[in-house]
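Student: Quick one: this structure, given as structure tokens, is what I'll be asking you about.
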Amino acid sequence: MPTASRQDTACIILARGGSKGVPGKNLRPVGGVSLIGRSVRAARAATRVAAVYVSTDDAAIAAEARLHGARIIDRPADLSGDTATSEAGWLHAVPLVRADLPALDKLVFLQCTSPFTRGDDIDGCLAEMEARGADCALSVTEDHSFLWGLDDAGLGVGINHNEREQRKRRQDLPPQYCESGAIYCVALEPFLKTGQRFCGTVALYPVDHPPIEIDTLQDFALCSQIAQAGGQSELAPARLKQIKAIVMDFDGVHTDDLVLTDQNGVESVRTSRRDGMGISLLRQSGRYRMMILSKEKNPVVLRRAEKLQLEVYHSVDDKVAALEAWLQEQGLTWADLLFVGNDINDRGAMERADLSACPSDAHPEILGIADWILPLPGGKGALRAMADVLRSAEATTP
């Protein structure tokens, strides 16, 4: 995760354990990562945010948030019920955050129910608030709906259009926006003075992520499909476009980490054709140097690498040393590298690489340090999801 260059901004995420509509909602996964984990990771990916705090009354949520890099604030019971306001929870957290960050003068409030927030969305919302000289800002989506209300007789009447005139095209309606429900930013002093998130002049920051707030199991199902369909990541496209090399572990990344052994001791593994297609598309783009780096000495690693037309180093115990030599040979540095691992023997390489990724079923210790958790398990489409996001980033304008 990038290191925040400023120490005047913190993110506070409220995540109580007593959700009534969907029990355990904040711990339920979308694309392999819990809602609380996704929010923490988005905040940590923002370059303007110095620290991320999760205020919760639930020990399991606290443990999950801490895994992804949040600091924990114990939320008292009287601020954790159904009638407690979000503002009350945020105000309770402020003195504790100030103790860590004496220069604090801006806050970001994220909602766990918006699972597709990215770090650059947060940075953009803060930048818009500053550029407008506003007291607060929020993320919005452009809305081109024809809005209707009821007159005194209970009959329909146009709100943002005149139903008695020739129908306008949607794009000709006056600009209007809908709260995305994802990001709220405030200048600290006006927020403390009013106790409200809309604490003065308001800046609007349009975002382009899917405009969904999760309230039902059907919402979870829809968001999971979106996350697994490809093209979605909490990482900014600009950061992904800096990648020049991709190095992948084999077991648990190209495979599902299971081994079938017959009566003669011959081992076989399962790999994904979707992953193979993704790797092929990346290779054809000509943008990346790619390699498989495996601790195992097994002919299956060589055969799979041969089929994918990838360079392979296997039977490697010191992955950091091997990568150091390989990068030098390629005329590259650690800053150019995306490393994909899944278990604790990949930790050193993941910490050295500029960008690290792992499948959604990686070891918890690896989930906690990875910059990017891919939305599918190893050997079951994780690498295809990675390829789709990278190709989507390639297509974006600078």
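Student: Running a GNM on the chain with Cα contacts under 10 Å, which residue among Glu165, Glu213, Glu329 ends up with the highest mean-square fluctuation?
Tutor: Glu165
Student: Hey, another quick one. Out of these labelled values of volume of the Cα convex hull per residue in Å³, (i) 187; (ii) 119; (iii) 146, which was calculated from the coordinates shown here?
Tutor: Here volume of the Cα convex hull per residue in Å³ agrees with entry (i).
Student: Beta carbons within 10 angstrom, averaged per residue: use that to sort the peptides 360-369, 244-253, 90-99, highest first.
Tutor: 244-253, 360-369, 90-99
Student: Rounded to the nearest Å, what's the spacing between the alpha carbon centres of the range 15-78 and the range 196-217? Just the number, please.
Tutor: Answer, in whole Å: 18.
Student: Okay, moving on. Let me have the relative contact order for the range 275-398, percent, based on Cα pairs under 8 Å that are six or more residues apart.
Tutor: 22
Student: Build a GNM of the chain with springs between Cα atoms under 10 Å: which of Leu217, Leu240, Leu173 gets the top mean-square fluctuation?
Tutor: The residue with the greatest mean-square fluctuation here is Leu173.
Student: Let me ask another. Shape of the range 256-325 from its Cα gyration tensor (a ≥ b ≥ c, root eigenvalues): rounded if a/c is under 1.5, otherwise prolate when a/b > b/c, or oblate?
Tutor: It comes out oblate by the Cα gyration axes.
Student: Follow-up. Using alpha-carbon pairs under 8 Å, 6+ residues apart, how would you state the relative contact order of the chain in percent?
Tutor: 16
Student: Restricting to the chain, what percent of DSSP beta bridges are antiparallel, rounded to 5?
Tutor: 35
Student: What fraction of the DSSP beta bridges in the range 95-223 is antiparallel, stated in percent and rounded to the nearest 5?
Tutor: 75
Student: If packing is taken as the average count of other Cβ atoms within 10 Å, what order do 58-71, 145-158 fall into, highest mean first?
Tutor: 58-71, 145-158
Student: So which residue, out of Gln330, Gln171, Gln284, gets the largest mean-square fluctuation from a GNM of the chain using Cα contacts under 10 Å as springs?
Tutor: Gln171
Student: Share of the range 155-232's accessible area from carbon and sulfur, percent, 1.4 Å?
Tutor: That fraction is 51 percent.
Student: Could you tell me what percent of the accessible area of the range 1-130 is made up of carbon and sulfur, with a 1.4 Å probe and every protein chain present?
Tutor: C and S fraction of accessible area: 49 percent.
Student: For the chain, give the magnitude of the charge dipole about the Cα centre (Cβ charges: +1 Lys/Arg, -1 Asp/Glu; no others), in debye to the nearest 20.
Tutor: About 700 debye.
Student: Taking the solvent-accessible surface of protein heavy atoms with a 1.4 Å probe, what is the per residue accessible area of the range 313-361 in Å²?
Tutor: Normalised by residue count, the accessible surface of the range 313-361 is 40 Å².
The values are calculated or read from the model by the stated rules, or taken from the named source; none is laboratory data. Computed from a prediction, not measured in an experiment: that's the story for all the values here. Every residue, glycine as well, gets a Cβ built from its backbone with ideal geometry; the counts of neighbours run over all protein chains shown. Quick note on the areas: whole protein, heavy atoms, side chains included, nothing else; ligands and nucleic acids left out. Shrake-Rupley method; radii C 1.70, N 1.55, O 1.52, S 1.80 Å.
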